[in-house]
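**Student:** So that we are looking at the same thing, I have put the structure below in structure tokens.
The values are calculated or read from the model by the stated rules, or taken from the named source; none is laboratory data. Because the structure is predicted, anything quoted here is derived from the model rather than measured. Glycine also receives a Cβ, built like all others from the backbone with ideal geometry; neighbour counts cover every protein chain displayed. Heavy atoms of the whole protein, side chains included, go into the accessibility calculation; ligands, DNA and RNA do not. Shrake-Rupley method; radii C 1.70, N 1.55, O 1.52, S 1.80 Å.
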Amino acid sequence: MPEIKYNRVILKVSGEALAGDKGFGINPPVIKQVAEQIKSIHDLGVQIAIVCGGGNIWRGETGAEMGMDRAQADYMGMMATVMNGLALQDGLEQLDVPTRVQTSIEMRQVAEPYIRRKAVRHLEKGRVVIFAGGTGNPYFSTDTTAVLRAAEIEADVILMAKNNVDGVYSADPQKDPNAKKYDELTQLELINKNLGVMDSTASSLSMDNNIPLIVFNLNKPENIRKVVQGDNIGTIIKGGTK
Ligand code: UDP
């Protein structure tokens, strides 16, 4: 067995990562690719919990901008993350990876409710746990959910999977040829430089609780495996201020 650096990880998969070229909805071939990547580290014995986003289906903010009540629109966003969670479960099960979906908003017919101790037990038994439904509260994001769950289950790191972006840059590399990629940052620098990797709630939670984060490109095969083996891929953002 090759050595692994991170034994228990939270993988944050944004809704966008499941949408493919259209940028909207759920694309089963894309789900299959993501599931294959997850399987590759599951095969190494890494304990994996996934927090899925919902932005490919619905974002609360967009609803609010169009005149909806923000909390109502956010609950719709949380529902969207459940659809993505079920799609990911399907993709993983087709590859014979055992999974459980846990939702923070009860939906007993489709998923278990979120129970921290049970989630940890599943991980110990080698099941991939998919956390859907965000935090269960409006006005939060699934990035904040990833940090919260990482703290709760004592994950070693949060792996933030990006689409075709291989880390954190000083500016948008598509627009600015002088954009510089950072190999390492702290959460405090991320907040001060306003680099927009996560919302400030998620960043401060990660900073206060010393939870490291690695931003990397999921679209390059082998990347996720290299990350859990400790290769310097993407940008590592250390929790804390130093
Ligand atoms: N959401 C929420 N509370 C949470 C997590 C998510 O209200 O704890 C809602 C919010 O409306 C958000 C939507 O769910 O816009 C989808 O989540 P997010 O935008 O984080 O998904 P991603 O950008 O990762 O696809």
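**Student:** Can you pick out the pairs among LYS118/LYS193; LYS193/LYS226; LYS125/LYS181; LYS118/LYS180 whose Cα atoms lie more than 32 Å from each other?
**Tutor:** Violating the 32 Å limit, Cα to Cα: LYS118/LYS193; LYS125/LYS181; LYS118/LYS180.
**Student:** How much accessible area per residue does the chain have, in Å², with a 1.4 Å probe?
**Tutor:** Value returned for the chain: 49 Å² of accessible area per residue.
**Student:** Quick one: accessible surface of LYS12, probe radius 1.4 Å, all protein chains present, in square angstrom to the nearest 10.
**Tutor:** Rounded to the nearest 10, that gives 10 Å².
**Student:** Using a 7 Å offset from the Cα along the Cα-to-Cβ direction at both ASP21 and GLU184, what is the distance between the two label points in nm, to one decimal?
**Tutor:** For ASP21 paired with GLU184, the spin-label model returns 4.0 nm.
**Student:** Then there's this: Under a GNM of the chain (C-alpha, springs under 10 Å), which listed residue has the highest mean-square fluctuation: GLN47, GLN174, GLN33?
**Tutor:** Most flexible of the set in this elastic network: GLN174.
**Student:** Roughly how far apart, in whole Å, are the Cα centres of the range 101-177 and the range 187-242?
**Tutor:** 14
**Student:** Between ARG108 and GLU3, what length in nm is gained on full extension when 0.36 nm per residue of separation is reduced by their alpha carbon distance?
**Tutor:** This chain segment gains 34.0 nm when fully extended.
**Student:** Right, another one. Which value in deg cm²/dmol, rounded to the nearest 500, describes the helix-derived mean residue ellipticity at 222 nm for the chain, given -39,500 (n - 2.57) per DSSP H run of n ≥ 4 and division by the residue count?
**Tutor:** -11000 deg cm²/dmol
**Student:** Moving to a separate point now. Looking at the range 27-127, I'd like the Rg to Rh ratio, where Rg is from alpha-carbon atoms and Rh is Kirkwood's inverse mean 1/r.
**Tutor:** On the Cα set of the range 27-127, Rg over Rh gives 1.03.
**Student:** For GLN72 and GLU222, calculate 0.36 nm times their separation in residues minus their Cα-Cα distance, and state this gained length in nm to one decimal.
**Tutor:** 50.0 nm
**Student:** Report relative contact order for the chain in percent, whole number only (criteria: Cα-Cα under 8 Å, sequence separation at least 6).
**Tutor:** 22
**Student:** Using the beta-carbon distance between ASP208 and GLU61 and R0 = 35 Å, what value does 1/(1 + (r/R0)^6) give for FRET efficiency, to the nearest 0.05?
**Tutor:** 0.90
**Student:** On to the next question. Counting pairwise Cα distances across the chain, what percent come out greater than 21 angstrom?
**Tutor:** In whole percent, the long-distance tail amounts to 55.
**Student:** Kindly write out, for the range 93-106 in residue order, the coupling ³J(HN,Hα) from the Karplus curve 6.51 cos²θ - 1.76 cosθ + 1.60 (θ = phi - 60°), rounded to whole Hz, with x marking Gly and Pro.
**Tutor:** 5, 5, 9, 6, 8, x, 9, 9, 9, 10, 10, 7, 10, 4
**Student:** Another question about this same structure. Just name one of SER104, ASN27, TYR114: the one whose Cα is farthest towards the positive end of the charge dipole of the chain (beta-carbon charges, Lys/Arg +1, Asp/Glu -1).
**Tutor:** TYR114
**Student:** Right, something else. Of the candidates ALA111, ALA161, ALA150, which one comes out as most mobile in a Gaussian network treatment of the chain with C-alpha springs shorter than 10 Å?
**Tutor:** Looking only at ALA111, ALA161, ALA150, the largest GNM fluctuation is found for ALA111.
**Student:** Related question: Report in % the part of the accessible area of the range 1-103 that belongs to carbon and sulfur, leaving out ligands and nucleic acids; probe 1.4 Å.
**Tutor:** After summing per-atom areas, the C and S share lands at 50 percent.
**Student:** Another question, then. Hand me the GluC sites (Glu not before Pro) from the range 1-68 located in a DSSP loop with no more than 11 other Cβ atoms within 10 Å, in residue order please.
**Tutor:** GLU3
**Student:** Given the protein chains as shown and a 1.4 Å probe, how many square angstrom of TYR182 are accessible, to the nearest 10?
**Tutor:** 30
**Student:** Further question: For the range 142-242, give the percent of accessible area contributed by carbon and sulfur heavy atoms, probe 1.4 Å, rounded to a whole number.
**Tutor:** 42
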